[in-house]
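Quick notes on the structure that follows.
The values are calculated or read from the model by the stated rules, or taken from the named source; none is laboratory data. In this text the structure is predicted, and so the values were computed from the model without any measurement. No Cβ is skipped: glycine too gets one built from the backbone with ideal geometry, and neighbour counts run over all protein chains shown. Side chains are part of the model used for accessible areas, which takes the heavy atoms of the whole protein and leaves out ligands, DNA and RNA. Shrake-Rupley method; radii C 1.70, N 1.55, O 1.52, S 1.80 Å.
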2 protein chains.
Amino acid sequence: MTSPIGLHRVMEPTGVLPQAATRLDNSREIGATEVRVSVERINLDAASFRQLHSKHKGNGAAIRREVLEIINVRGKMQNPVTGSGGMLIGTVDAVGAQSPLGLTVGDRVATLVSLTLTPLAISDGLARWDGQSEQVPARGHAILFERSIAAVLPTDLDPELALAVMDVCGAPALTARVVNQYRDAGRPEIAVAVIGAAGKSGSLSVAAARAAGAKRVVGVVPVERERNLLERAGLADAIVLADARDPVGVSSAVTDVLGRGADVTVVCVDVPGCEHGAILTTADGGTVIFFSMATSFAAAALGAEGLAADVTMLIGNGYLPGHATYALDLLRREDAVRELFQARIAAEAAH
Amino acid sequence: MTSPIGLHRVMEPTGVLPQAATRLDNSREIGATEVRVSVERINLDAASFRQLHSKHKGNGAAIRREVLEIINVRGKMQNPVTGSGGMLIGTVDAVGAQSPLGLTVGDRVATLVSLTLTPLAISDGLARWDGQSEQVPARGHAILFERSIAAVLPTDLDPELALAVMDVCGAPALTARVVNQYRDAGRPEIAVAVIGAAGKSGSLSVAAARAAGAKRVVGVVPVERERNLLERAGLADAIVLADARDPVGVSSAVTDVLGRGADVTVVCVDVPGCEHGAILTTADGGTVIFFSMATSFAAAALGAEGLAADVTMLIGNGYLPGHATYALDLLRREDAVRELFQARIAAEAAH
């Protein structure tokens, strides 16, 4: 019997979830609830690629060799040092009779669950990849489970743009949900602060907060260049320049603009040490949503206690039903978000 | 001017919060919003004492010397290795004219904010402490800020019992709040799972869930001895034996008993690796409250995404207004909770 979460594919150690497994069964044959995807491209997680690049001093052949070996040994792409994976795009080539994912053979899809739990096999030795970029052209197959998440790539958007949006689509969806909860609770004039507002998850979160009915949205950015970028986009009601790691600096910058603390603070900057600033920025009764993987659980928990701050602190869940569609629609509706994304993608390509 | 959160007491490095400071100004003179406490006893954080005990191979004199040196150098008790502090009890001996804490000279109080951010000076060289226990008899003074939290010790309860309750009082308060939110949203028959239900924060969370109107409360415990303890207490509707680190084991044990996932899952076990089990235990639309300091932010965030679990994940905030009073009242009302606590305290004393 196939497990909804892929337990039947776990080979070592037994009894753990696919993400915690050191080895997955990546065989081609699918169970009744599974889907097989013919791989077109793998997007390595940024932290993973950075680690490999630095370990091998930029030697593309060595990087390629290690990625291949990881996939061969583990049956999935999970960097053993960073623990992270990435995502992939490909074409559905087999759908189990009982798969609930709604996919059809021939659909071009992106996997929205991490590669760290996706059975994967490579058949072309990654021959078309120079090892110099997170984008890995590849041939092979990947397996989706009953509870995996894959999104059909929209035909009206550049795939690279769609992927970049899907990669961070949990942030705007959760931001909108939390703002809606405050609205439904009758809170008037909801104020939102987005820390790291000019980035990908940040700009989508700003747009989501506005779309959900926030009265004032303050974007916090670290440097003049990002302030200009966000200012041109015209998404935020106010933009402040502050270092997210400086609790006093960031909180006083935001509360100066709002005249009070934020009802909802969204942390979208991937640097450690932003917990206390986010807590101090938030009004009593407010909510902090942490989307940064650099968030320290203990720093947040002890920080709120030490500051006697009655704030709700959410671990940003990358999954909400309909999150990809919601984020893509935001981008379609808001030219400013699209432009910010395109600028980010161009900057990354040039990098 | 005195800062509500004690910024004026930070000496090194400048601009950080008191918790992040390497040195605080612990001078006796208080500002208009401060309170000075005459110290009676320090309770070192368990992780801190364990580290010191192991480093000095149980040599009490060496442990005492290091604790004294830490306090002298830092102006606060913060173990440089574990980063943790503890709490203290003492008697209020000066109250600034503008202090909002509601304390009076002569009140016997416990500080509910961490020692890691509390200015502290020792005057007796810790001469009455043998270095063999977390409980440190001490003379000296400590400073509370405008937003510090201190609770007057109740006169009807043994101080040790009251302290043990106050130490974990955020857990029952937040559990009750979340259960109330589901009740207010019209959710019928709320089911709660408490992982680590026979412990201090766990048993209080079980009692809080019931008091807040949960229909069914399942206690998860790791060993037979704790099952018996909890069974005798009669607090939970059902008790299951499972290893919280085994996602499949713990989730199937709970869902077998409930016939479905829990609406609210409370994690009260201080071991790493409980994130995925808690997520799998929780129904879609449910909430996981993580109270364990061993929680990994990334494991929770990536786990929920990987499992396509639409659950709200809360970082357990140790502070809620009125949390100490609420928890003490639970203990007063529920003899079973009081007995569990007394058994725990006795076991720790014997240990």
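Scan the range B:236-251 and tell me whether some residue there is in contact (Cβ under 8 Å) with a residue 60 or more places away in the chain, away from chain A (no Cβ under 14 Å) and aliphatic (A, V, I, L, M).
Within the range B:236-251, none of the residues are in contact (Cβ under 8 Å) with a residue 60 or more places away in the chain, away from chain A (no Cβ under 14 Å) and aliphatic (A, V, I, L, M).
Please return the ranges of strands (runs of 3 or more DSSP E) entirely within the range B:1-95 where 3 or more residues are open to solvent by less than 20 Å² (accessible area, probe 1.4 Å) and in contact with a Leu (Cβ under 6 Å, 6 or more places away or on another chain).
In the range B:1-95, B:35-44 are the strands (runs of 3 or more DSSP E) which contain 3 or more residues that are open to solvent by less than 20 Å² (accessible area, probe 1.4 Å) and in contact with a Leu (Cβ under 6 Å, 6 or more places away or on another chain).
Checking the conditions here, which among B:Ala207, B:Ala198 is touching a residue at least 60 places away in the same chain (Cβ under 8 Å), among the small types (Gly, Ala, Ser), crowded, with 24+ Cβ neighbours inside 10 Å and part of a helix (DSSP H, G or I)?
From the options B:Ala207, B:Ala198, the qualifying one is B:Ala207.
Based on what the data block shows, is A:Val113 among the aliphatic types (A, V, I, L, M), farther than 18 Å from A:Leu7 by Cβ and in contact (Cβ under 8 Å) with a residue 12 or more places away in the chain?
It is false that A:Val113 is among the aliphatic types (A, V, I, L, M), farther than 18 Å from A:Leu7 by Cβ and in contact (Cβ under 8 Å) with a residue 12 or more places away in the chain.
If you go through the range B:302-320 one residue at a time, do you hit one that is more than 19 Å from B:Ser252 (Cα to Cα), of a type outside the set (Asp, Glu) and more than 7 Å from every other protein chain (Cβ to nearest Cβ)?
no
Assess whether B:Ser133 counts as being surrounded by fewer than 19 Cβ atoms within 10 Å (Cβ to Cβ), of a type outside the set (Asp, Glu) and touching a His at 6+ places or on another chain (Cβ under 8 Å).
Taking the combined requirement at face value, the residue does not satisfy it.
Regarding A:Asp167, is this residue closer than 30 Å to A:Pro13 by Cα, buried (at least 17 other Cβ atoms within 10 Å of the Cβ) and of a type in the set (Asp, Glu)?
So A:Asp167 passes the test.
Can you name the residue in the range B:210-236 that is buried (at least 18 other Cβ atoms within 10 Å of the Cβ) and of a type outside the set (A, V, I, L, M) and, of all such residues, is farthest from the chain's Cα centre (by Cα)?
Here the residue is B:Arg216.
Is there any pair linking a residue in the range B:11-32 that is within 14 Å of chain A (Cβ to nearest Cβ) to one that is open to solvent by less than 60 Å² (accessible area, probe 1.4 Å) and part of a loop (DSSP other than H, G, I, E, B), with Cβ under 6 Å and at least six apart or on different chains, and which?
Pairs that qualify, where the first residue is within 14 Å of chain A (Cβ to nearest Cβ) and the partner is open to solvent by less than 60 Å² (accessible area, probe 1.4 Å) and part of a loop (DSSP other than H, G, I, E, B), are B:Pro18/B:Gly6; B:Leu24/B:Gly75; B:Leu24/B:Lys76; B:Leu24/B:Pro119.
Restricting attention to helices (runs of 4 or more DSSP H) lying wholly within the range A:249-351, give those where 3 or more residues are surrounded by 24 or more Cβ atoms within 10 Å (Cβ to Cβ) and more than 17 Å from the chain's Cα centre (by Cα).
A:275-281, A:297-306
Which condition does A:Ala32 not pass, out of (1) at pLDDT 90 or above; (2) of a type in the set (A, V, I, L, M, F, W, C); (3) touching a strand residue (DSSP E or B) at 6+ places or on another chain (Cβ under 7 Å), if it passes all the others?
Of the numbered conditions (1) at pLDDT 90 or above; (2) of a type in the set (A, V, I, L, M, F, W, C); (3) touching a strand residue (DSSP E or B) at 6+ places or on another chain (Cβ under 7 Å), the odd one out for A:Ala32 is (3).
Name the residues in the range A:147-175 that are within 14 Å of A:Gly213 (Cα to Cα) and away from chain B (no Cβ under 14 Å), would you?
A:Pro172 - this is the single residue of the range A:147-175 that is within 14 Å of A:Gly213 (Cα to Cα) and away from chain B (no Cβ under 14 Å).
Collect the residues in the range B:239-248 that are crowded, with 23+ Cβ neighbours inside 10 Å and either part of a loop (DSSP other than H, G, I, E, B) or in contact with a Ser or Thr (Cβ under 7 Å, 6 or more places away or on another chain) (or both), keeping them in residue-number order.
B:Ala244
Can you name the condition, by its number, that A:Leu112 falls short on among (1) under 20 Å from B:Ala309 (Cα atoms); (2) touching a helix residue (DSSP H, G or I) at 6+ places or on another chain (Cβ under 7 Å); (3) buried (at least 24 other Cβ atoms within 10 Å of the Cβ)?
(3)
Looking at the range A:146-172, I want the residues that are within 16 Å of B:Glu305 (Cα to Cα) and in a loop (DSSP other than H, G, I, E, B) and have a partner that is among the basic types (Lys, Arg) and open to solvent by 10 Å² or more (accessible area, probe 1.4 Å) with Cβ atoms under 7 Å, at least 6 apart or on another chain. Which pairs are those?
Short answer, once both residue conditions are applied: A:Val168/A:Lys200.
Only one of these conditions is not met by B:Gln181: (1) farther than 21 Å from B:Cys274 by Cα; (2) of a type in the set (S, T, N, Q); (3) in contact with a Ser or Thr (Cβ under 7 Å, 6 or more places away or on another chain). Which number is it?
So the condition that B:Gln181 fails would be (3).
From the set of residues in the range B:157-182 that are charged (D, E, K, R) and modelled with pLDDT under 95, which is farthest from B:Tyr319 (Cα to Cα)?
B:Asp158
Pick from A:Ala324, A:Ala349: which is within 14 Å of chain B (Cβ to nearest Cβ) and not aromatic (Phe, Trp, Tyr)?
A:Ala324
For the range B:115-130, which residues satisfy the criterion of being away from every other protein chain (no Cβ under 14 Å) and either open to solvent by 10 Å² or more (accessible area, probe 1.4 Å) or within 19 Å of B:Arg9 (Cβ to Cβ) (or both)?
The answer is B:Leu120, B:Ala121, B:Ile122, B:Ser123, B:Asp124, B:Gly125, B:Ala127, B:Arg128, B:Asp130.
Restricting to the range A:110-143, give me the number of residues that are among the hydroxyl-bearing types (Ser, Thr, Tyr), in a loop (DSSP other than H, G, I, E, B) and modelled with pLDDT under 95.
2
Take the range A:41-99 and flag every residue that is closer than 25 Å to A:Pro4 by Cβ and within 14 Å of another protein chain (Cβ to nearest Cβ).
Correct list: A:Asp45, A:Lys76, A:Met77, A:Gln78, A:Gly83, A:Ser84, A:Gly85, A:Gly86, A:Met87, A:Ser99.
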